[in-house]
Every structure is written in C-alpha cells, then in structure tokens.
1. Can you say whether Phe64 is of a type in the set (Phe, Trp, Tyr) and at pLDDT 95 or above, as far as the supplied structure shows?
2. Given the criterion within 14 Å of Thr30 (Cβ to Cβ), part of a strand (DSSP E or B) and without any contact (Cβ under 8 Å) to a residue 60 or more places away in the chain, identify the matching residue among Val188, Val184.
3. So, in the stretch 64-91, of the ones that are open to solvent by less than 30 Å² (accessible area, probe 1.4 Å) and in a strand (DSSP E or B), which residue ends up farthest from Gly23 (Cα to Cα)?
4. Going through the stretch 156-214 one residue at a time, which ones are open to solvent by 40 Å² or more (accessible area, probe 1.4 Å), among the charged types (D, E, K, R) and under 17 Å from the mean Cα position of the chain (by Cα)?
5. Filtering the stretch 1-22 down to residues that are open to solvent by 60 Å² or more (accessible area, probe 1.4 Å) and either among the polar types (S, T, N, Q) or not in a loop (DSSP other than H, G, I, E, B) (or both), which residue is farthest from Val72 (Cα to Cα)?
6. Would you be able to say whether some residue in the stretch 23-45 is open to solvent by 30 Å² or more (accessible area, probe 1.4 Å), aliphatic (A, V, I, L, M) and modelled with pLDDT of 95 or more?
Amino acid sequence: MNKFISVEKALAMMKDGMTLMIGGFLNNGTPEKIVDAIASSGLKNLTIICNDSSYPDRGFGKLFVNKQVTKVITSYIGANPVCNDQMNAGELEVVFVPQGTLAERIRAAGCGLGGILTPTGLDTLSAQGKQIVNVDGKDYLLEKPLRADVALIRASVGDHSGNLVYRGTSQNFNPLMAMAADLVIAEVEKLVETGEIAPENVKTPSILVDYIIE
C-alpha cells in the first residue's frame with residue numbers, strides 16, 4: 001500500500017470542529033509542514049491536544065494566533081502569550097493536565113483502557129467533577145482516556161511502509177499520539193527503504209500510520 005500523500009490531500013481530510021493531536025515538545029518533533037498548511041487554511045473551531053502551545057510564530061502556536069482553536073488540552077501555555085490572553089478573555093478554553101497525566105491519558109486511549117488512576121491532582125481544582133477511586137486505602141483520581149480524530153506526528157526516520165523512529169524529546173508524545181487517533185498522518189525527516197530500520201529500533205510500527213507526507 002502506498003501511504004504517501006501531499007500536504008494538500010492531508011489537509012483535505014480535516015474538517016472544522018475536529019479534535020487534533022499534534023506532536024512536539026516546545027516544537028521539537030512538531031510536523032511543521034502540515035501544521036503550517038492548517039494555519040494557512042480556513043479550518044476553525046479546532047480542539048487541540050498537545051504537550052504545550054508552542055510559540056506564537058512557530059508550529060501550531062500559529063493556530064492560536066489565527067484563532068482557529070477554541071479548546072486546548074495541554075500541560076503548559078507559558079511560552080505562548082497569545083494563549084494566555086485568549087484564555088483570560090474567555091476566547092479559548094484551556095484544560096490543564098499535568099504532563100505525566102496527559103501522556104498517560106493518551107496512552108490509555110491507545111491501549112484501549114478505560115482510564116488511569118493517579119494521585120496527582122487530588123485536593124486541587126484539577127479534581128473537581130472527577131471520580132475518586134480508593135485502592136487499598138489510598139485515593140486516586142480517575143483520569144479518562146484522550147483520543148483524537150487525527151494525530152499529526154513527526155518522526156526522525158521512517159521507511160516506506162510507515163515504521164517510525166524518533167530522536168530526543170520528540171519521543172515524548174509522538175509515539176503515544178500515533179496510538180490514540182482514528183487517523184494518523186506522519187512527517188518524516190529522513191526516509192529510508194523498508195527493512196533498513198532494525199525491528200528493535202521501531203518506536204511506531206507501520207500498522208499505526210495511515211499516511212506519510214511526501
């Protein structure tokens with residue numbers, strides 16, 4: 001199966017109001033080609049699930065500047081003052097999730113779990129409206145899985161089948177997001193022939209990747 005598509009075809013698969021997971025750790029590991037295409041499109045009312053809101057002039061930070069995002073589920077927005085301003089003005093719904101909990105909620109969706117139990121956030125605003133589960137005398141918050149319509153990820157190396165490898169901090173969220181969306185579109189920095197990546201080095205197997213940006 002040929003998984004290669006153009007940025008234009010990838011963009012055509014996205015609609016207003018969708019929930020997008022976008023990989024990256026302060027823009028390291030962000031699929032900037034497709035994100036820039038979204039920023040130049042008319043897509044709106046998006047919900048974004050991401051580690052952070054990037055910077056105003058880079059990556060998916062531009063989507064906030066363009067007011068294409070109505071809700072963001074994230075652990076940090078401090079590097080993008082536009083998000084702070086929009087949140088304070090009531091223009092952007094910001095759902096803060098502790099970074100480890102965010103990663104685990106995405107992983108839970110990818111693994112088909114009903115949620116995770118964590119003590120993080122107990123007795124704080126984060127616990128409001130959430131179920132508390134007691135296990136062996138200790139309370140935990142039930143944090144439900146996070147899933148998206150589309151995951152946009154970026155890999156350091158990929159082969160023609162869609163097997164992916166990540167380097168550095170780009171590993172933090174990209175592999176998890178590749179497991180937790182109905183449609184997975186990957187950008188690859190270095191493309192190699194199928195079979196060139198040792199099986200034990202594959203972080204995202206090809207079965208999880210629907211398309212690769214040409």
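The values are calculated or read from the model by the stated rules, or taken from the named source; none is laboratory data. Predicted model, so just to flag it, every value in this text is computed and none were measured. A quick note on method: Cβ atoms are made from the backbone with ideal geometry, for glycine too, and the neighbour counts reach across all protein chains shown. With ligands, DNA and RNA removed, areas are computed over all heavy atoms of the protein, side chains included. Shrake-Rupley method; radii C 1.70, N 1.55, O 1.52, S 1.80 Å.
1. Yes.
2. Val188
3. Val69
4. Arg167, Asp182, Lys203, Asp210
5. Asn2
6. Among the residues of the stretch 23-45, not one is open to solvent by 30 Å² or more (accessible area, probe 1.4 Å), aliphatic (A, V, I, L, M) and modelled with pLDDT of 95 or more, which makes the answer no.
To keep it simple, each residue is scored yes or no on (1) touching a helix residue (DSSP H, G or I) at 6+ places or on another chain (Cβ under 8 Å); (2) assigned to a loop (DSSP other than H, G, I, E, B); (3) more than 22 Å from Ile48 (Cβ to Cβ); (4) of a type in the set (Gly, Ala, Ser).
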{"site": "Thr101", "(1), (2), (3), (4)": "no, no, no, no"}
{"site": "Ala109", "(1), (2), (3), (4)": "no, no, no, yes"}
{"site": "Asn134", "(1), (2), (3), (4)": "no, no, yes, no"}
{"site": "Ala155", "(1), (2), (3), (4)": "yes, no, no, yes"}
{"site": "Thr169", "(1), (2), (3), (4)": "no, no, no, no"}
{"site": "Ile207", "(1), (2), (3), (4)": "no, no, yes, no"}
